[in-house]
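Here the structure is laid out as structure tokens; the discussion comes afterwards.
The values are calculated or read from the model by the stated rules, or taken from the named source; none is laboratory data. Just so you know, these numbers come straight off a predicted model, no measurement behind them. Every residue, glycine among them, receives a Cβ derived from its backbone with ideal geometry; neighbour counts consider all protein chains shown. For the accessible areas, the whole protein counts, side chains as well, though only heavy atoms, and no ligand, DNA or RNA atoms are used. Shrake-Rupley method; radii C 1.70, N 1.55, O 1.52, S 1.80 Å.
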Amino acid sequence: MPRYLVQRNFADGLFIPVDADGAKACLDVVEENAKHGVTWVHSYVSPDKSVSYCIYDGPSPAAIREAAQAANLPADQITEVSVLDPYFYH
């Protein structure tokens, strides 16, 4: 399955509480993604929390965009990527 880097911009910042509400918010995204055949692998968030870079597996950019819309999340840029492992060459 293709892998994608999804850039999300948050004008007011991305704040997910570190408690049961935050866990539920993340699980809700995971469940919505599954309806579109999309898997959230992990994310990186900028220090000011205005941008996240999320790694997703999915069938297409359209499926990722549909899942994001259903979860009320931005998907400002979607780029297909592959892994470059520097240790592969040793």
Hey, what did the stretch 1-55 get for relative contact order, percent, Cα under 8 Å, at least 6 apart?
54
Let me understand the chain better: what is its radius of gyration from the alpha carbons, and its Dmax, in angstrom?
13.8, 44
Rounding to the nearest 10 and keeping the result within 0 to 90°, find how far the Cα-based axis of helix 20-34 lies from the longest principal axis of the chain.
50
Diffing the stretch 46-63: the Karplus 3J(HN,Hα) column from phi (6.51, -1.76, 1.60, θ = phi - 60°), in whole Hz with x for Gly and Pro, holds 5, x, 8, 6, 8, 9, 10, 10, 10, 9, 10, 9, x, x, 6, x, 4, 5
Pop out the ³J(HN,Hα) list for the stretch 7-12 in order, Karplus 6.51 cos²θ - 1.76 cosθ + 1.60 with θ = phi - 60°, rounded to Hz; leave Gly and Pro as x.
8, 10, 9, 10, 4, 9
Using modelled backbone amide H atoms (1.01 Å from N, in-plane), which distant-in-sequence or interchain residues come within less than 5 Å of residue 77's amide H?
7
Extension gain residue 55-residue 19, at 0.36 nm per residue separation less the Cα-Cα distance, in nm?
10.7 nm
Report the full-extension gain for the segment residue 82 to residue 42: residue separation times 0.36 nm, less the Cα-Cα distance, to one decimal in nm.
12.9 nm
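Within the chain, what whole-number % of the accessible surface is contributed by carbon and sulfur, with the 1.4 Å probe and all protein chains included in the calculation? Display every interim value, and only then the final one.
Values: 3540 of 6080 Å².
That share works out to 58 percent.
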Set Lys and Arg Cβ to +1 and Asp and Glu Cβ to -1, take the dipole of the chain about its Cα centre, and tell me which of 84, 54, 16 lies farthest positive.
84
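Determine the per residue accessible area of the chain with all protein chains present and a 1.4 angstrom probe, expressed in square angstrom. Intermediate results must be reported in sequence, preceding the final value.
Details: 6080 Å² over 90 residues.
I get 68 Å² per residue for this part.
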